Every structure is written in C-alpha cells, then in structure tokens.
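Take a look at the structure below.
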Amino acid sequence: MEIILTIFYCLLFVILIKRVPFFQTKHISSNFLVLLFLIKVLCGIVLFFIYTYYYDRNDADIFRLFDDAKAIYSAFPDRMGDYCKMILGIGDGSTYFQEHYYNQMIYWTKAYNTNIFSDTHFLIRFNALVMLFSFGYFNVHTIFGSFLSFFGLFCIYKFFEKNTYSFHKLQAIILFLLPSTLFWTSSVLKESYIICGIGIFIYSFFLLCQPSSIGKKIWYCFCFLFSIYLISHVKLYYLVILLPLCCTFMFNKKKNIQHPLITYALLILICIPATFFIIQKSGYDILNMMAFKHNDMLNLAICKNAKVVSYEYLDSTWCSFIQFFPKALFFALCFPLPFTHHSLMMILSEVENIILLLWLVTMLALGFKKHIKYKNLFWFCFLVALGNVIIIGYCSPIIGALVRYRSTTLPFFMLAALFLCDEYKLKKHTKNILKKLKINSI
C-alpha cells in the first residue's frame, strides 16, 4: 500500500509541475523540472533507507517528528475534537492533552522551546495533518517534503530569473543539484520546510514590490504572510536575516543605487543592535540561548560519541562570543576538513567542500573585475549566506548537524560567487560541458 500511495502522490505532483502555469518558465522546460523533482524524490527515498538500515531509529532525525506526529494522529477519527484542537493549537493546553498525547512524544517539549532557533510543534502538527493523506506511511511524507522544498527552490529560481539576464540554467543547476541541498531538503527534515518558506518569502516580497492588479497584490500578500508564518514557526532567525536584506535589495533596485555595499553596510550597523535590543525587550536572552544550544549539542555529542568541530564551550557573554566568532565562521564554512573522516556521509561532505572551493577559485579566475554586473544581487546572496553561516557556526558544534543546517545556505554562497565572474568568459569555458548535458546556453 505504501508503494502505491507513494507513486500516486509522486505522479500527482508531476502533473502539477507539468500543467500549472506557475511552473512554466522561458529558460527551463517542464520536462527538466520534472526530472529535478524526481531526483529529489529519489534522494529522499535513499535518505530513508540510509537512516533505516544504518542508524538506530531513536537517533535518526528524519523519524523524530514523524513518530511524534503519530500521537496526534491516533486521535483520528474517533476523537476528532482532540485531533482538530491539537492540529490548530487551540484549546490543547489542559492536562488531558498532556497526559493522553504530548507525554507520548519525545521532542514536543525542549529546554528552549522557542521558534527563534527551531520549533518542533509546527512540524509535528504538519506531519500529523499529512497523515490524513499518507495513512501513516513514511515515504508519502517524503514525497510531500520533496515537493515543498522543490517549490521553494523554484521560487528562488524565479526571483533570480527576473533579476538577471544570463546564467539562468546554471542558476537552476546550482539551486537544485548542489549535493547537500539536494540531499537534506528532500525529506521530512526541517530543511525542506525552511527552504520552502525562504523561497516563497523572497519571491512574494519581490512581486509585492512590482506594479500589478489589486487581485494579484492580495494573492502575493497572502503568500508573503504565509511564508512569514512558516519561517517563524520553524526557524525565526531566517526571517530576521531575510526581511531587512530583501527590503534593502528592493530599495537599491528601485533607486538604482550604484554602490549597494553602502546601503547594506548601513543596514548591518542599524539592524544588528536593533535586533538584539528588540529580542532582549521581548524577554529573551539571545546570548544565553545561543550558548545553551551550543553547549547542549556539545554535551549530546560527547554522550553519543559524535564528531565535533571543537570541544570548546561558550559563555553567555559578549567577550566569549567575540572570541569565538572567527572559529564559528571557519567551522561553518570549512568543516568537515578533507581527508579527516572515514564514513561515507562525511567523505561526500568533504568532496563537496573541495568542489565549493574550486568553484570560488574558478569564478574569481574567470574575470573578477571592479565592475560587477549584478552587485546588488551579489551582496544580497552573500549576506543572506553569511548571516546564516554565523548563527550555524555558533549553535552547531556537531559536524553532521552543521553540514545539514548549512544546506539551505550554500546555494546563496554559490550564486554570490557566480555573480562575481565575467559571464562571457564563463560561457566560453563551459560551452562543451553544457553541450554534454544537452543544454544549449547558460
């Protein structure tokens, strides 16, 4: 039954990609988009088998939220009132729900159960909702997760397509086929929902700033608000990074600012202190929360004998965070270091790091020049990636978690490097490779 349902929903999403006008684009055929989606589905199923046969289920991240969602789904259909209250999060705060449902879950309650860094409640509820269609079969959730991340990546692609005059097919390859992004955003992990929210947020914000009819404005506004809801209930700090950067990008675009670095620098000088002030006034000690998350993951790594970037603990002081800053940046960008691990997953991550380094060197060699054609986009991508990498470096001392968390960030780094190069030199040197891939132009 699971195989039948998995194939059914996979075909359903393929039909949507082929038929829905939103997925029609000038530079990528619908057949190629279907191929990209099916590759994501395949990666999601591979991930399922890896975690099923090579890891203990209790330690497998992809099953955690799914297994907890079964407690909510157990109320359907006999106790529909309970199920609806838990799905909506309304009227479910009594001891009855705690005793009958939430105490059966492992990851419902966390030491810091806020959505600033992550929130499991939304993801558990979403999986319980999808169970109405999956009937509890895991790989149906894999199909849904793969489509959500595919949709988010496609929204990001459309944003770049509308703001560039070249590199379109290469942008699609970077977004959809970067190994860690392809792998970790193709299941029910948080990264699938995050990349979906990021894509909808960026693209709907861009469309809201363009001239359009009232009806379209209302629809774009709805999508934008939905993306805010989604991101804020998964990892709120992405929203803190994206909103000011999107505003600055559109300001530079509308005003045709020739030196966008100045406006981005002013943004950083204003927004970072303002963000810390607002969070502190909201009752959260942001440094204490980040230090707690870092130290908690480090203790977990020691108990589980997991690989870590450093055994250094963080104090919730500015001095400790400033001293750790270069290390956080280095760990998040460079780990796992080449030839330091023996497991297949880590070796693949090491290879990817080497590819990223070669990509950056190649882009610089292919014509880094004073006049960058897409300066606004370059700084937008670079700062989106940098902001995420810094937070990941502070909060994730476990190498495996670090590799997974940055999977939603690496495409922005790759695209930032792409916007540095001379497009004519790039076309000249990649023509033969693209012909082998049966792609006529970048």
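The values are calculated or read from the model by the stated rules, or taken from the named source; none is laboratory data. As the structure is a computational prediction, the values presented were derived from the model and not from experiment. All Cβ positions, glycine included, derive from the backbone under ideal geometry; neighbour counts span all protein chains shown.
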(request) Quickly run through region 239-267 and pick out the residues that are without any contact (Cβ under 8 Å) to a residue 60 or more places away in the chain, in the same structural domain as Tyr313 (by TED's automatic domain parsing) and under 24 Å from the mean Cα position of the chain (by Cα). (result) Leu267
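Condition check ((1) modelled with pLDDT under 90; (2) touching a Ser or Thr at 6+ places or on another chain (Cβ under 9 Å)) across all residues:
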position	(1), (2)
Ile372	yes, no
Trp379	no, yes
Ala401	yes, no
Phe419	yes, yes
Ile433	yes, no
(request) Scan region 221-253 residue by residue and report those that are of a type outside the set (D, E, K, R) and outside any helix (DSSP H, G or I). (result) His233, Val234
(request) Those residues that are of a type outside the set (Gly, Ala, Ser), more than 24 Å from the chain's Cα centre (by Cα) and surrounded by fewer than 19 Cβ atoms within 10 Å (Cβ to Cβ), I need them from region 59-84; list them, please. (result) Lys70, Phe76, Pro77, Asp78, Arg79, Met80, Cys84
(message) Just to be sure I understand, how many residues within region 152-174 are within 14 Å of Phe380 (Cβ to Cβ) and of a type in the set (A, V, I, L, M, F, W, C)?
(response) 3
(request) Could you identify the single residue in Tyr405, Tyr424 that is assigned to a helix (DSSP H, G or I), at pLDDT below 80 and among the aromatic types (Phe, Trp, Tyr)? (result) Tyr424
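Given the options Val34, Val20, Val46, name the one that is in the same structural domain as Phe154 (by TED's automatic domain parsing), surrounded by 12 or more Cβ atoms within 10 Å (Cβ to Cβ) and within 22 Å of Phe159 (Cα to Cα). It would help to see each step written out before you state the result.
Working: Val20 fails: surrounded by 12 or more Cβ atoms within 10 Å (Cβ to Cβ); Val46 fails: within 22 Å of Phe159 (Cα to Cα).
Sole residue among the options that is in the same structural domain as Phe154 (by TED's automatic domain parsing), surrounded by 12 or more Cβ atoms within 10 Å (Cβ to Cβ) and within 22 Å of Phe159 (Cα to Cα): Val34.
Quick check: is even one residue across region 310-332 in contact with a Ser or Thr (Cβ under 6 Å, 6 or more places away or on another chain), surrounded by fewer than 18 Cβ atoms within 10 Å (Cβ to Cβ) and closer than 26 Å to Ile399 by Cβ?
Pass one, region 310-332, residues in contact with a Ser or Thr (Cβ under 6 Å, 6 or more places away or on another chain): 314.
Add one more test, that the residue is surrounded by fewer than 18 Cβ atoms within 10 Å (Cβ to Cβ), and what stays is none.
Within region 310-332, none of the residues are in contact with a Ser or Thr (Cβ under 6 Å, 6 or more places away or on another chain), surrounded by fewer than 18 Cβ atoms within 10 Å (Cβ to Cβ) and closer than 26 Å to Ile399 by Cβ.
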(message) Being surrounded by fewer than 20 Cβ atoms within 10 Å (Cβ to Cβ) and among the aromatic types (Phe, Trp, Tyr) is the filter here; which residues of region 159-205 pass it?
(response) Tyr165
